[in-house]
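Trainee: Here it is: the structure, laid out below.
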Amino acid sequence: MYALVDCNNFYVSCERVFAPHLEKKPVVVLSNNDGCLISRSQEAKDLGLKMGEPYHLSRPLLEQHQVKVFSSNYALYGDMSRRVVQVLSGFTSEVEVYSIDEAFLNFSGLKWLTKGVDLAKYGQRVLETVRCHTGIPTCVGIAPTKTLAKLANRRARLHGTNGVLLLETPTQWEAALAEVSVDTIWGVGRRYARKLLDMGIDTGLKLANMPEHWMRKHMGGVVGQRLWRELHGQPCLEWNPAEWDDEDQLHPASASRHSVTCTRSFGRPQHDDAVLSEAVATFTAKAAEKLRRHGLAAHLVTVILGTDRFAPGAEPKTHTAVVSLPASSSDTTRLTQAALLGLRRLRRPGTAYSRAGVLFSGLEPEGQGQLGLFSGTAADRQRSQKLMQTLDGLNARFGRQLVRLAAQGVAKNAAGQVQQPSWAGRSAHRSPLYTTGWNELWEVR
């Protein structure tokens with residue numbers, strides 16, 4: 001049996017943990033650069049605020065109803081997510097983090113530890129413990145497969161379930177499938193949903209009642225066959241854990257990683273060469289740190305510059321330049337040199353850019369790459385490796401990006417205090433870094 005634990009309105013719930021007076025009040029969280037609405041409390045949903053709605057368009061309604069607005073605070077959300085997963089790890093040894101606010105639990109081994117365990121009560125314990133230890137409300141769906149657990153979790157949000165729903169028998173999950181639209185079944189994308197609706201298959205139960213060979217023929221071969229078996233209580237999806245990166249985003253495990261990237265939108269358009277160079281150097285350093293943590297090195301450095309996507313004109317809005325290294329590297333200094341070379345090739349004087357980024361590809365395990373005639377001696381490589389280990393060690397101990405290349409720049413005010421760089425994105429409503437910043441720790445008086 002699998003359980004899917006889904007945090008309710010996760011970003012809003014994280015903000016409410018440290019501002020309990022916002023309970024029962026409308027709250028929204030904005031995306032990067034304060035672009036659009038990405039998380040809403042139930043009270044905000046009831047006001048008609050839509051997911052993904054641009055902030056500048058929804059502002060009149062937000063102000064009319066005095067909705068509390070937060071800029072996204074991913075450092076806080078990532079830390080809260082880790083705390084939730086830590087609590088979940090106390091209930092089973094197998095936890096698959098599916099996204100920042102969802103995790104699957106494998107309950108298959110419970111039958112060997114506890115005879116006659118009531119899974120519904122066990123799920124209720126999970127829900128109550130997460131709420132008690134972290135303050136985050138959740139819903140729990142339990143079923144024989146991950147697809148049915150996803151369905152159970154969706155149904156658990158309905159009134160009268162106490163946030164937990166167990167679909168243990170075919171009768172139970174068939175009744176649930178009969179009540180949901182086919183386009184809400186996990187694994188049915190938009191294209192297949194349109195196709196199924198055109199065929200008159202409009203509920204999950206109608207889809208499950210189709211023959212297995214029909215699913216294989218019309219739903220993508222093996223993928224459709226797996227979906228059919230999942231809907232009939234036969235688990236066949238892989239256990240696929242993910243991991244957090246330095247930006248508190250989830251990615252597949254390093255074994256399946258083909259590229260490493262770091263991109264950002266600017267708070268306002270930038271055309272100054274020095275500012276763009278500092279931004280690209282900063283993104284390169286962050287991406288290089290990811291490379292080293294996964295024990296990888298890159299052959300290719302791609303620099304990305306983007307102009308305003310909504311500006312009139314037919315010319316491309318995104319421009320890239322690729323720099324090939326003579327040998328793969330994870331050294332921040334070498335990768336920064338390559339990135340700045342790509343920036344010089346790419347930048348057009350007088351053009352204002354609204355976003356930039358760096359992508360590393362051609363990845364291979366560090367230390368196992370093909371050497372070139374001009375790739376340096378073994379002593380050079382050892383010296384570079386030791387320098388990067390020292391750099392990462394200092395930053396891990398004393399704070400992220402505390403020790404950096406001069407090319408990344410350090411913006412300070414007249415009092416000598418470090419300021420946000422001029423290219424930083426907008427975050428006018430960001431809450432403090434309650435759990436991840438020494439200067440912004442939560443105060444209890």
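Trainee: Check the straight Cα-Cα distances from Lys217 and name the lysines below 19 Å, setting aside those fewer than 8 residues away within the same chain.
Mentor: Output for Lys217: Lys195, Lys206.
Trainee: Sticking with this one: Would you mind calculating the gained length between Thr263 and Met199 on full extension (0.36 nm times residue separation, minus the Cα-Cα distance), in nm to one decimal?
Mentor: Length difference between fully extended and current span is 18.9 nm.
Trainee: Another question, then. Taking a ≥ b ≥ c as the square roots of the Cα gyration tensor eigenvalues, with a/c under 1.5 meaning rounded and otherwise prolate when a/b beats b/c, else oblate, which class fits region 320-445?
Mentor: Note, shape of region 320-445 comes out oblate.
Trainee: Sorted by mean Cβ packing within 10 Å, highest first, what order do the peptides 142-150, 56-64, 173-181, 123-131 take?
Mentor: With the highest mean Cβ count within 10 Å placed first, the list reads 142-150, 123-131, 173-181, 56-64.
Trainee: Going 7 Å from the Cα of Arg190 along its beta-carbon direction, which residues of region 39-75 have the amide nitrogen within less than 19 Å of the resulting point?
Mentor: Taking a point 7 Å out along Cα→Cβ of Arg190, the residues of region 39-75 whose backbone N falls under 19 Å are 39, 50-54.
Trainee: When the scattering of the chain is computed by the Debye formula from its Cα atoms alone, each counted once and equally, what is log10 I(q)/I(0) at q = 0.08 Å⁻¹?
Mentor: Treating every Cα as an identical point scatterer, log10 I(q)/I(0) equals -0.59.
Trainee: Which values of log₁₀ I(q)/I(0), to two decimal places, follow from the Debye formula for region 1-91 at q = 0.15 Å⁻¹ with a uniform point scatterer at every Cα?
Mentor: -0.59
Trainee: Now a separate question. Note down the net charge around Ser277, summing +1 for each Lys or Arg and -1 for each Asp or Glu among other residues with Cβ under 11 Å from its Cβ.
Mentor: Result for the neighbourhood of Ser277: -1.
Trainee: A follow-up question, please. Going by a ≥ b ≥ c, the root eigenvalues of the Cα gyration tensor, does region 55-144 fall in the rounded group (a/c under 1.5), the prolate group (a/b larger than b/c) or the oblate group?
Mentor: Here region 55-144 falls in the prolate category.
Trainee: Filter Lys45/Lys68; Lys286/Lys317; Lys25/Lys150 down to the pairs with a C-alpha to C-alpha distance above 18 Å, please.
Mentor: Table pairs above 18 Å Cα-Cα are Lys286/Lys317; Lys25/Lys150.
Trainee: Relative to the longest principal axis of the chain, what angle (0 to 90°, nearest 10) does the C-alpha long axis of helix 146-156 take?
Mentor: That works out to roughly 70 degrees.
Throughout, read-outs are computed from the coordinates displayed, never taken from laboratory work. These numbers were taken from a predicted model, which means no experiment stands behind them. Note that each Cβ is placed from the backbone with ideal geometry, even for glycine, and that neighbours are counted across all protein chains shown.
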